[in-house]
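Peer 1: Right, I'll just put the structure down here and ask away after.
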Amino acid sequence: MHSQEQLEDALKFLYKEERAGRSLTAESLAGGLAIPLDQASDVLRALSGSGVLEWHEESYRVTPPGSEDALRIIRAHRLYETYLANQTGVSDQKWHRIADQKEHQIDPEELRRIDAALGFPKFDPHGDPIPKEGAHLPPPQGSPLLSLKSGSVCRVLHVEDEPEQVYARISKTGIAAGTLLELGEQNANGLKLRMEGGNVFIDEAMAANLRVAPLPDSTGPDPDLEPLSNLKKGETATVHGLTPACRGPERNRLLDLGVVPGALISHEYAGFSGNPVAYRIRGALVALRSEQTRRIMVRRNIKKLDLEVKA
């Protein structure tokens, strides 16, 4: 006997596989859900018996009622991830796991309330399109990052959040949907990227989980921008903005503190441990944690020296 949650997880996986043009077999389901092959076969039979799958030639296919059910689950997952990102302080590395549980528990009416409260978002925090009620799932946007050549400039449209270990590595770099990137050298170990605030190196698995929109070369990351964390005591800079990875309550708090484009911000002092650091902005002292300062992009204020012209 299979739980409803397991059957829904299987249906969601099979729906995505079908849209990707892959065959729906017991082997693919076993690999996707990390379950034994005989158990995957039982799940397929159960789904077929409920009318959401049907056998067609050499593999299964999702029926129209099955597509409706799969879309409902996907919609619930992506809307709840958006809620976690925009309305709570939950770490981005926990969004997927929590939404994986909640997607089976939210009824349609509650989902409509969440959608309305969030302002009817079109995309979740990873850049995945959120299907509207009764509508089809939009096709993936953009191109794989690895399809671009060295020197190309692009904006990240989608960050795949599975497997969790790969997503965790991407998250630590600060790359998120909306990040501006310039591709550098690529070798057998991975790819060098330039982004606002510095350079990062990502491995091939991380790069394979990014979809991007190519941009004109003139729109590349500004080399003069750097994270606030680079400032030393006594240094002043002008706030350029917050990175796309800064979301929800954290973003709102920083904006409320006056961390807005054009504001002057100075490093005043740090505690014994170096975290948090006190910064002066708009005449007030605010304490910011190191992870917050890495998500604030600034431009240093370079003093112009008046040179005395001698006759």
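Peer 1: For PRO276, state whether it is closer than 18 Å to VAL153 by Cα and surrounded by 13 or more Cβ atoms within 10 Å (Cβ to Cβ). Explain how you work it out, then say what you get.
Peer 2: On the way: closer than 18 Å to VAL153 by Cα: no; surrounded by 13 or more Cβ atoms within 10 Å (Cβ to Cβ): yes.
Taking the combined requirement at face value, the residue does not satisfy it.
Peer 1: Scan the stretch 207-250 for residues that are modelled with pLDDT under 95 and among the basic types (Lys, Arg) and jot them down.
Peer 2: Residues satisfying the conditions are LYS232, LYS233, ARG247.
Peer 1: Here is a check on your reading of the model: is GLY197 on the phi > 0 side of the Ramachandran plot, of a type outside the set (S, T, N, Q), crowded, with 19+ Cβ neighbours inside 10 Å and in contact (Cβ under 8 Å) with a residue 40 or more places away in the chain?
Peer 2: On the way: on the phi > 0 side of the Ramachandran plot: yes; of a type outside the set (S, T, N, Q): yes; crowded, with 19+ Cβ neighbours inside 10 Å: yes; in contact (Cβ under 8 Å) with a residue 40 or more places away in the chain: yes.
In short, yes.
Peer 1: Another one. Tell me which residues, restricted to the stretch 1-59, are of a type in the set (Phe, Trp, Tyr) and more than 22 Å from PRO139 (Cβ to Cβ). Give the steps one after another, and end with the answer.
Peer 2: Looking only at the stretch 1-59, we keep the residues that are of a type in the set (Phe, Trp, Tyr), and these are 13, 15, 55.
Hit for the stretch 1-59 is TRP55, nothing else.
Peer 1: Is it true that LEU71 is at pLDDT 90 or above and in the same structural domain as GLU18 (by TED's automatic domain parsing)? Steps first, please.
Peer 2: Working: at pLDDT 90 or above: yes; in the same structural domain as GLU18 (by TED's automatic domain parsing): no.
No, not satisfied.
Peer 1: Residue under question is LYS192, and the condition is that it be in contact with a strand residue (DSSP E or B) (Cβ under 6 Å, 6 or more places away or on another chain), over 25 Å from GLN93 (Cβ atoms) and outside any helix (DSSP H, G or I); does it hold?
Peer 2: On the way: in contact with a strand residue (DSSP E or B) (Cβ under 6 Å, 6 or more places away or on another chain): yes; over 25 Å from GLN93 (Cβ atoms): no; outside any helix (DSSP H, G or I): yes.
No, not satisfied.
Peer 1: Filter the stretch 195-220 down to the residues that are under 18 Å from the mean Cα position of the chain (by Cα) and over 21 Å from HIS126 (Cβ atoms) and list them by number.
Peer 2: PHE201
Peer 1: State which residue pairs qualify: first residue closer than 16 Å to THR63 by Cβ and touching a residue at least 60 places away in the same chain (Cβ under 8 Å) and inside the stretch 1-23, second residue part of a helix (DSSP H, G or I) and charged (D, E, K, R) in any location, beta carbons under 8 Å apart, and separation of 6 or more residues or different chains.
Peer 2: GLU8/ASP69; LEU11/ASP69
Peer 1: Of everything in the stretch 279-299 that's aliphatic (A, V, I, L, M) and closer than 26 Å to PRO223 by Cα, which residue is surrounded by the fewest Cβ atoms within 10 Å (Cβ to Cβ)? Full working, then the answer.
Peer 2: Of the stretch 279-299, the ones aliphatic (A, V, I, L, M) are 281, 284-288, 296-298.
When the remaining residues are screened for being closer than 26 Å to PRO223 by Cα, the result is 281, 288, 296-298.
Details: ILE281: 19, LEU288: 23, ILE296: 24, MET297: 22, VAL298: 26.
If we take residues in the stretch 279-299 being aliphatic (A, V, I, L, M) and closer than 26 Å to PRO223 by Cα, then ILE281 is surrounded by the fewest Cβ atoms within 10 Å (Cβ to Cβ).
The values are calculated or read from the model by the stated rules, or taken from the named source; none is laboratory data. Remember, predicted model here, so these are calculated numbers, not experimental data. Every residue, glycine among them, receives a Cβ derived from its backbone with ideal geometry; neighbour counts consider all protein chains shown.
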